[in-house]
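The values are calculated or read from the model by the stated rules, or taken from the named source; none is laboratory data. All values reported here derive from a predicted model rather than from experimental measurement. Note that we place each Cβ from the backbone using ideal geometry, even for glycine, and neighbour counts take in every protein chain shown.
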Amino acid sequence: MNNDILYIDLNSCFATIEQQCRPMLRGRPVAITNRITPNACIIAASYEAKALGIKVGMRAREATSICKDLIFAETEPDKYIFVHEKLRAIMLDYSPDVTMKSIDEGVINLKHAPRHIYKCNRRKLGLEIKQRLKTEIGNYMRCNIGIASNRFLAKLAAELHKPDGLDEINSQNQREVFTTLKLTDLPGINVRMAARLNAVGIFTPLQFLDADEQTLVKLVCKSIDGSKWYKRLRGIEVDDIKSNIKSIGRQYVLESRTLSRSETEARILHLAEDVGYRLRSKHLYARGIYLWTYGYDDIQKHQQIILKDAINSNHDIIAIARQLFRNLPSPVRIIGITLYKLQATSNPQLCFEQNKKERAIALCKAEDAINLRFGARKIHCADTLNTEQVRCKIPFGSTRYLDHSL
């Protein structure tokens, strides 16, 4: 098969962006957190910090005990979204078939690329993309690029030599590459999956590659997933799947247990506005709204409602969220809201308040257009004033709410 897949992965994305923006941080251990507090969770670390044992998921207090000189930086989502958009624009110059796997990872499928690009040497294209990152974003930006015939092998190639690697896995070198790896080095193989493979005598990636399809289907996965693994390992694409959105939600850990009930409600309404925008950005409507909280006793409480007519305006979502919150206790530690039972249209039947509903939808679209152009929350509900702490969350998985043209 042709090696038509390029997997691009920005190195230590958030930390590297901060080092690009602030030269005094370059070459120094940097940790990125959502808040500068002792219990904050590290969501990204520079390579200098990783070399000292600082890991993603570690608490700030623990990280400081390992490295007293560790520099903490609070997340600045606008920077990361800007780099994401620049990266995606560069990738789209090579093929219209681009999939962003996360804010800092993307896949280019060259099968649909213009003819002059498709004929280019793949390593040459990879080197060109690396140079464009430095030229168009910043000279401190680095990325790993993996080249292969499917996403799985391309991602594996991109992880071989971090940072700033460029590797290709093909039929000539695949077995050689696999001899240098452990099972858990393969994307998607965790400790539990490795144990299932070990149970049938598969202890290395080469043995995994040589296993027959029926063994993987009947003994390892006990499902069609075994067939998918058999194909993945042989460079056949099985992961190019677009799934429908089933629900849209957000949660927030409250910054203090001393917040009043009205302050907690304001933060819930802030989340309601956010999920409403996400809903409209995908041209969807919701019939179900689920509101939940975790108290300081770690017991979850929830309220939900299923509507007869689907909604997507901020006015309706906020009104229902406010109503549901009245039936929940406080104080709480974590709050969350989820929209579900999503559909492409509202109730098609006309009603006496049709003009009112259409005006509300038109108003929301105007608000969304202004906020998209001039920045988030330039226009927002007055009941969500003084909730700047509920910052925009940077997704580690899907970027469907960042890529507005999708």
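Quick notes
- Residue list for region 192-223, filter: β-branched (Val, Ile, Thr) and in contact with a Phe, Trp or Tyr (Cβ under 6 Å, 6 or more places away or on another chain): 202
- Among the residues of region 2-33, those identified as of a type in the set (A, V, I, L, M, F, W, C) and not in a strand (DSSP E or B) are 13, 14, 15, 17, 21, 24, 25.
- Scanning region 175-189 turns up at least one residue that is in contact with a helix residue (DSSP H, G or I) (Cβ under 7 Å, 6 or more places away or on another chain) and within 16 Å of residue 6 (Cα to Cα).
- Long-range neighbours under 9 Å by Cβ, at least six apart or interchain, first residue more than 16 Å from residue 252 (Cβ to Cβ) within region 320-332, second in a loop (DSSP other than H, G, I, E, B) and modelled with pLDDT under 95: 329/295
- Flag for residue 70 being surrounded by 13 or more Cβ atoms within 10 Å (Cβ to Cβ) and touching a residue at least 24 places away in the same chain (Cβ under 8 Å): yes
- Between 226, 201, the distinction of being out of contact with any strand residue (DSSP E or B) (no Cβ under 7 Å at 6 or more places or on another chain), small (Gly, Ala, Ser) and either surrounded by fewer than 17 Cβ atoms within 10 Å (Cβ to Cβ) or assigned by TED's automatic domain parsing to the domain that holds residue 2 (or both) belongs to 201 only.
- Single residue of region 204-222 satisfying the filter (surrounded by fewer than 16 Cβ atoms within 10 Å (Cβ to Cβ) and polar (S, T, N, Q)) that is nearest to residue 235 (Cα to Cα): 207
- Scan of region 306-333 for residues that are under 29 Å from the mean Cα position of the chain (by Cα) and surrounded by fewer than 13 Cβ atoms within 10 Å (Cβ to Cβ), ordered by number: 306
- Residue that is surrounded by the most Cβ atoms within 10 Å (Cβ to Cβ) [pool: residues in region 29-61 that are free of Cβ contacts under 8 Å to residues at least 60 places away in the same chain and among the hydroxyl-bearing types (Ser, Thr, Tyr)]: 46
- Residue within region 131-141 that is more than 17 Å from residue 4 (Cα to Cα), outside the structural domain of residue 233 (by TED's automatic domain parsing) and surrounded by 24 or more Cβ atoms within 10 Å (Cβ to Cβ) present: no
- Listed by position, the helices (runs of 4 or more DSSP H) contained in region 109-169 that have at least 3 residues being among the hydrophobic types (A, V, I, L, M, F, W, C) are 122-136, 151-158.
- Among residues of region 59-83, those that are part of a helix (DSSP H, G or I), out of contact with any Cys (no Cβ under 6 Å at 6 or more places or on another chain), of a type outside the set (Val, Ile, Thr) and under 22 Å from residue 141 (Cβ atoms), counted: 4
- Test: residue 260 is among the hydroxyl-bearing types (Ser, Thr, Tyr), surrounded by fewer than 18 Cβ atoms within 10 Å (Cβ to Cβ) and not assigned by TED's automatic domain parsing to the domain that holds residue 287: no
- Hey, residue 36 part of a loop (DSSP other than H, G, I, E, B), under 20 Å from residue 389 (Cα atoms) and not assigned by TED's automatic domain parsing to the domain that holds residue 376 or not: yes
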